[in-house]
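The structure appears below as structure tokens.
The values are calculated or read from the model by the stated rules, or taken from the named source; none is laboratory data. A quick note: this is a predicted structure, and the numbers were derived from the prediction, not measured. Note that we place each Cβ from the backbone using ideal geometry, even for glycine, and neighbour counts take in every protein chain shown. In case anyone asks, the SASA skips ligands and DNA or RNA and just uses the protein heavy atoms, side chains included. Shrake-Rupley method; radii C 1.70, N 1.55, O 1.52, S 1.80 Å.
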Amino acid sequence: MNGERGMIRQSDIAREAGVSQSTVSQVLRGAGDLSRISVETQRRVLSAAKRLRYTTSPQQRTAVEKRHAPPLLGVHTFEPIFPTSAGDYYFEFLQGIEEQAGVEGCNLVLFTAARDEAGVRRIYRGDVNGLGQAAGSVILGHRAHQDDLARLASDAHPFVYIGHREVPGFEISYVGGDYRSATGRIVDDLVALGHRTFAYLGEAVRYEPQADRWDGFSAALDRFGLTVPVPAYTQPDELATQWLDSALAAGTTAVLVESVSLLRVLHAIIGLRGLSVPDDVSIVLLVDDTGGPGAWASMHVPRNAMGRRAVRLLTTLLADPAGDYERQILLPCAHTLEPSVAPPRHS
């Protein structure tokens, strides 16, 4: 038997995975990305933990045993449909949620609520909390409904939102990406290549993640003493060739784009004008390049790690609701400037 009374320890996982015990500890806490542990190594640790049937700490196992059953965690998305394909943007979040739930010894249930007239899956139907069967919930989705989040917080239902969200009057728990810092680093690299005039294409509907990206962009330009452009917050079908013409006439050499849908239209407009990327203009996508037209310089959102860290935070909230620990977490994002960025021709 391994460890006391046959309990699997983190040292057992370390031997199984061929890594240090410190690495195992970081990965199982959902902090692998913060510690710069490669995705491959994190997956190896999680696979070893699953094979050995490891579950959290002895204290938390005791709490679970007192309830006579593993805690049931709910997963809810505000999106119109649950992701079912590995190519879906939200699939990596769900994969991380499932992986960490296994490590924590929890069961998962997906709550697929009926959609409202806007196509958003709502948590509440009248006064009934649809997540009430779960001990706590992980919530995700681009179309977050503020009223539902506020009611959950008011009802003291333990939940963690995947993504940066602020709810007036409440300090909700969330795990997001540090888009502000990541966008600032992208600007740093573009300036180092010689870019001095920028344009910004943003989504028409603004949530905290979109605002964080713009804040990081504008703050970086301010830091360099460069002109902050007027952002174009628009729907893809409203983006016209005139916008690109005006941007290029103003000397723009690099465009930062918030979404794949906007990128698709911009790419088509560039082609209509007989221009090419990156020879005539450099493009950076401020989200993962999932389903984009071709390959692009892009920000890499740690979606799997965000899902795992959200589950870890939720189980901590359930085990120690009054504890002194961080409840609003932003994970670092990487980026690449290949293949759609090059030094401007005039540099």
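Counting only Cβ charges, +1 for Lys and Arg and -1 for Asp and Glu, the dipole size of region 184-326 around its Cα centre is about 200 debye. Residue ranking by accessible heavy-atom surface, 1.4 Å probe, largest first, among ASP155, ASP148, ASP237 comes out as ASP237, ASP155, ASP148. When nucleic acids and ligands are ignored and a 1.4 Å probe is applied, LEU266 ends up with an accessible area of around 0 Å². The residues packed around PRO278, meaning those with a beta-carbon under 12 Å from its beta-carbon, carry a net charge of -2 if Lys and Arg are +1 and Asp and Glu are -1. Using the Cβ of ARG206 as centre and a radius below 13 Å, the other residues enclosed give a net charge of -3, where K and R count +1 and D and E count -1. Think of a 1.4 Å ball rolled over the protein heavy atoms: region 230-347 then has 43 Å² of accessible area per residue. In region 249-347, taking the dipole from charged Cβ atoms about the Cα centre, the farthest positive-side position among ALA319, HIS335, ALA254 is held by ALA319. To put it simply, the accessible area of region 207-347 at a 1.4 Å probe is 52 percent carbon and sulfur. The listed peptides 305-314, 44-53, ordered by packing as a protection proxy, come out as 305-314, 44-53 (highest mean of other Cβ atoms within 10 Å first). Near GLU99: Cβ cut-off under 9 Å, other residues only, Lys/Arg at +1 and Asp/Glu at -1. The net charge is +2.
Computed from the C-beta positions of ALA322 and ALA150 and an R0 of 22 Å, the FRET efficiency is 0.55 to the nearest 0.05. Here the Karplus relation 6.51 cos²θ - 1.76 cosθ + 1.60, evaluated at θ = phi - 60°, turns the backbone of region 175-189 into coupling constants of 10, x, x, 7, 5, 4, 5, 5, 5, x, 5, 4, 4, 3, 5 Hz, with x for every Gly and Pro.
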